[in-house]
There are 2 protein chains.
Amino acid sequence: MSRVVGLEEIRGLLPGVDLLKIIEEGFVAYSQGQVVVPPVGELVFDDPPGEAHIKYGYVKGHPYYVIKVASGFYDNAKLGLPTGQGLMLVFSQQTGVLEAVLLDEGYLTDMRTAAAGAVAARHLAPLEVRRIGILGAGVQARLQLDLLRGVVSCRRALVWAPEPEEREPYLKAFALSDFEVEMAEKASDVARECNLIVTATPATTPLLRAGEIKPGTHITAIGSDTAEKIELDPEILGKADLVVVDSLPQSESRGEVFRAVEAGTLARERVKELGAVIAGRNPARENPQSLTVCDLTGVAVQDIQIATAILREKYKKESRRRP
Amino acid sequence: MSRVVGLEEIRGLLPGVDLLKIIEEGFVAYSQGQVVVPPVGELVFDDPPGEAHIKYGYVKGHPYYVIKVASGFYDNAKLGLPTGQGLMLVFSQQTGVLEAVLLDEGYLTDMRTAAAGAVAARHLAPLEVRRIGILGAGVQARLQLDLLRGVVSCRRALVWAPEPEEREPYLKAFALSDFEVEMAEKASDVARECNLIVTATPATTPLLRAGEIKPGTHITAIGSDTAEKIELDPEILGKADLVVVDSLPQSESRGEVFRAVEAGTLARERVKELGAVIAGRNPARENPQSLTVCDLTGVAVQDIQIATAILREKYKKESRRRP
């Protein structure tokens, strides 16, 4: 029978995975056309309101194909349940046999999203990060800071929480860590103080204005993954020296780049793909005064890579246990 | 943690399900527009050749939504593995929570397909079935005969096997049953002898000719579920008094009706949907001399219904076990 891996076991396996490396490899394969990712399947529910997405695909020549189901049911909080639900299925690309059911409850999606932010920072952040700025104070805003530990040496962070009640839990989460975290009064304080900024909010109106951003700053925009959400003034992308996205096709219908192109501040042909930047075929950061923006909307290759890595790690542990 | 139900347990639960009833209810809900079924997701693999399909959806107002993954990897036989692989996932429509993973390995798909044939016979077969004819001798051709037991009293069957080596296993499968099974030399023998015929082969050229079919016959065509497969001469559908399909939209691109409309023998507006026939809004069988054809290509509502029923049956058994 196929392996069924629960959340606790998945949490135990992930530290054995070189997360940033596999996500980088995924982006490179994606930008090189080695990844088959059909359009996302979608179910919408009216009562109670909810939606489910099915993302699936494979890297050509790899051993597995992956199907991810992720849903959002917005009344779940009333029932004491997480809004997000989901799982990942890993199948053999050779035989179709179901190798594993990863009952990750959305954890692997959170982690692969956080890892993409760290990968963007590794390739685009200023060489000397003065202070890390985080807009947002939810799960993803915590993970973004947490995973930056592996790619920048700066340990000072300024965080702006959209909701005041999020401040305490955020500070608490990092209280015993090596990060020195302060909370900002306004989003513009973050723009003034920080030269590596990550935005991870569900905002639908811009949080940062072009005039506030200092030269030499890199911004990674995580929150906007639909046509409606937006965190950055389109002028910021307009004046950026380099604009990068995880997926050029997706940037035609969602995210900051979609909005900036629509607003007429950004020419589409100026946008580079992250996998190409990683592979070194694009000038990433030309001078210390450049403003760079990386807009991530999330691509299925991240799911494929993280699910595959968890299964490999499980097999590795199992084979070690054998005499 | 979500329930994970293996094949053996599923086999044990299915007898507690009123299979024909739930499939009938599914077809009726589908024909009444109560079922949300987005387009099928598809992955194609080149080396080795294979394909995976993702079918999903829900009946409005029901407690669950269902995602089914089914694949065919055609080199599996060389490895001693079944060509078909798959599973069904059952989620709450209220919260998105994954209720159960049904590791059915394609069994529930076989059973819901067989049940649709029995449902078609219940509503369209002649009142007096002289002899049951089966074209095909694979798993589905066995299940079709097996499930007809619940809807017709006739226990005499004449079976044509496309491959001679399939004859013995088929006869053996029914040796101890209440069916008296004989093997036919030619498909046309079945047409001559039988007035309830089920075709369940992967044929790509017609097996039955219009001139061979006697008045008062009902034919259920199971095998053709793509644009390429065909079991019935398009003239048969042309001269039929009633032509029924499980899904009008699907019949526009696959199956016998698609081919007959394309060949110009059948006018699309003459075709009725099975759910409407079951609900009694169509004249099913007007006189004992009518020729009727039911073309089934398989719809996701069957998967939704059978997966839901298995989960309900499991919950029922669990609650019985509690003191």
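The values are calculated or read from the model by the stated rules, or taken from the named source; none is laboratory data. Fair warning: this is a prediction, and the values are worked out from it, not measured in the lab. Don't worry about glycine lacking a Cβ; one is built from the backbone with ideal geometry, like all the others, and counts go over all protein chains shown. Only protein heavy atoms, including side chains, enter the accessible area calculation; ligands, DNA and RNA are left aside. Shrake-Rupley method; radii C 1.70, N 1.55, O 1.52, S 1.80 Å.
Which of (1) touching a residue at least 60 places away in the same chain (Cβ under 8 Å); (2) within 11 Å of another protein chain (Cβ to nearest Cβ); (3) surrounded by fewer than 20 Cβ atoms within 10 Å (Cβ to Cβ) does residue A:63 not meet, given it meets every other one? Failing condition for residue A:63: (2). For residue A:208, the test of being closer than 30 Å to residue A:269 by Cβ, surrounded by 16 or more Cβ atoms within 10 Å (Cβ to Cβ) and at pLDDT 95 or above is passed.
In the range B:238-249, the qualifying residues are those that are farther than 20 Å from residue B:299 by Cβ and part of a loop (DSSP other than H, G, I, E, B), and the one that is most open to solvent (accessible area, probe 1.4 Å) is B:241.
In the range B:132-140, is there at least one residue being surrounded by fewer than 20 Cβ atoms within 10 Å (Cβ to Cβ) and assigned to a loop (DSSP other than H, G, I, E, B)? Yes, the range B:132-140 contains at least one residue that is surrounded by fewer than 20 Cβ atoms within 10 Å (Cβ to Cβ) and assigned to a loop (DSSP other than H, G, I, E, B).
Taken over the range A:66-92, the criterion of being of a type outside the set (Gly, Ala, Ser) and either more than 8 Å from every other protein chain (Cβ to nearest Cβ) or surrounded by fewer than 22 Cβ atoms within 10 Å (Cβ to Cβ) (or both) is satisfied by A:66, A:68, A:74, A:75, A:76, A:78, A:79, A:81, A:82, A:83, A:88, A:90. Residues in the range A:211-253 that are among the acidic types (Asp, Glu), at pLDDT 95 or above and closer than 18 Å to residue A:138 by Cα: A:231 alone. Can you find a residue that is within 19 Å of the chain's Cα centre (by Cα), more than 26 Å from residue B:198 (Cβ to Cβ), among the aliphatic types (A, V, I, L, M) and in a strand (DSSP E or B) anywhere in the range B:91-108? There is no residue in the range B:91-108 that is within 19 Å of the chain's Cα centre (by Cα), more than 26 Å from residue B:198 (Cβ to Cβ), among the aliphatic types (A, V, I, L, M) and in a strand (DSSP E or B). Filtered by the rule that a residue be surrounded by fewer than 17 Cβ atoms within 10 Å (Cβ to Cβ) and in a helix (DSSP H, G or I), the range B:261-276 gives B:262, B:263, B:268, B:269, B:270.
Number of residues in the range A:226-237 that are buried (at least 17 other Cβ atoms within 10 Å of the Cβ) and either within 23 Å of residue A:74 (Cβ to Cβ) or out of contact with any strand residue (DSSP E or B) (no Cβ under 7 Å at 6 or more places or on another chain) (or both) equals 5. For the range A:214-231, name all the residues that are over 15 Å from residue A:132 (Cβ atoms) and over 16 Å from the mean Cα position of the chain (by Cα). Of everything in the range A:214-231, those that are over 15 Å from residue A:132 (Cβ atoms) and over 16 Å from the mean Cα position of the chain (by Cα) turn out to be A:215, A:227, A:228. Can you find even one residue in the range B:306-320 that is within 26 Å of residue B:109 (Cα to Cα), acidic (Asp, Glu) and crowded, with 23+ Cβ neighbours inside 10 Å? Taking every residue of the range B:306-320 in turn, none turns out to be within 26 Å of residue B:109 (Cα to Cα), acidic (Asp, Glu) and crowded, with 23+ Cβ neighbours inside 10 Å.
Of the residues in the range A:181-200, at least one is open to solvent by 10 Å² or more (accessible area, probe 1.4 Å) and within 18 Å of residue A:297 (Cβ to Cβ).
Within the range B:96-125, the set of residues being among the β-branched types (Val, Ile, Thr), within 14 Å of another protein chain (Cβ to nearest Cβ) and open to solvent by less than 10 Å² (accessible area, probe 1.4 Å) comprises just one member, B:101. Only one of the numbered conditions (1) within 21 Å of residue A:99 (Cβ to Cβ); (2) out of contact with any helix residue (DSSP H, G or I) (no Cβ under 8 Å at 6 or more places or on another chain) is not met by residue B:39, and that is (1).
With the structure loaded, tell me whether residue B:257 is outside any helix (DSSP H, G or I), under 20 Å from the mean Cα position of the chain (by Cα), modelled with pLDDT of 95 or more and on the phi < 0 side of the Ramachandran plot or whether it fails that test. It is false that residue B:257 is outside any helix (DSSP H, G or I), under 20 Å from the mean Cα position of the chain (by Cα), modelled with pLDDT of 95 or more and on the phi < 0 side of the Ramachandran plot. The set of residues in the range B:72-127 being under 30 Å from residue B:243 (Cβ atoms), out of contact with any Asp or Glu (no Cβ under 8 Å at 6 or more places or on another chain) and of a type in the set (S, T, N, Q) consists of B:113 alone. Scanning the range B:8-58 for residues that are open to solvent by less than 30 Å² (accessible area, probe 1.4 Å), within 11 Å of chain A (Cβ to nearest Cβ) and outside any loop (DSSP other than H, G, I, E, B) gives B:41, B:43, B:45, B:50, B:52, B:54, B:56, B:57, B:58. Here is the figure for the range B:15-54: residues that are of a type in the set (A, V, I, L, M, F, W, C) and either touching a His at 6+ places or on another chain (Cβ under 8 Å) or under 16 Å from residue B:68 (Cβ atoms) (or both) total 9. Scanning the range B:250-260 for residues that are β-branched (Val, Ile, Thr) and farther than 23 Å from residue B:301 by Cβ yields no hits at all. For beta carbons closer than 6 Å, sequence separation of 6+ or different chains, a first residue in the range A:90-117 that is more than 28 Å from residue B:53 (Cβ to Cβ) and a second that is assigned to a loop (DSSP other than H, G, I, E, B) and of a type in the set (Val, Ile, Thr), the qualifying pairs are A:117/A:222.
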